[in-house]
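Participant: The structure is given below, and queries will be raised subsequently.
What follows draws every value from the coordinates through simple rules; no lab data is involved. What you are looking at is a predicted structure, and each value in this text was computed from that prediction instead of being measured. Note that each Cβ is placed from the backbone with ideal geometry, even for glycine, and that neighbours are counted across all protein chains shown.
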Amino acid sequence: MLLIGRALAITMNASTMFTRLVSGAITLMFFTYAFVNMAMVSGLLPVVGVPLPLVSFGGTALISLFIGLGILMSVQANRKLVSTVYCPVP
């Protein structure tokens, strides 16, 4: 829950529309993996083999989640803190 909450905060603070869409899609990927896995374990959904993010060993899923985390960290590191507008003094 903390990881998804932090990813949502990064998504809301992204500087451009593209980075918002990319980080939102990655956040949705994390949420979907976690939701489907927990619903599978509790018996609400049929077993499909989705690993729990960063807990279960999933091979390719683990690699894609790590790449997603790297992109989220890059969006966070490269955001604009203050929007500066050039305004010459007359």
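Participant: Counting helices only, and only those DSSP H runs with n ≥ 4, report the 222 nm mean residue ellipticity of the chain as the sum of -39,500 (n - 2.57) divided by its residues, in deg cm²/dmol to the nearest 500.
Facilitator: Calculated mean residue ellipticity at 222 nm is -21000 deg cm²/dmol.
Participant: Under 5 Å between amide hydrogens, which residues at least 5 positions from Leu45 or on another chain qualify, with H placed 1.01 Å from N in the peptide plane?
Facilitator: Residues meeting the amide H criterion: Met40.
Participant: In what sequence do Met73, Met17, Met40 fall when counting other Cβ within 10 Å, fewest first? Kindly include the intermediate steps, with their values, before the conclusion.
Facilitator: Values: Met73 11, Met17 8, Met40 16.
Ascending number of Cβ neighbours within 10 Å: Met17, Met73, Met40.
Participant: Give me a comma-separated list of calculated 3J(HN,Hα) values for segment 2-9, in order, Karplus coefficients 6.51, -1.76, 1.60 applied at θ = phi - 60°, integers in Hz, x for any Gly or Pro.
Facilitator: Karplus-based 3J(HN,Hα) across segment 2-9 equals 5, 5, 5, x, 5, 5, 5, 5 Hz.
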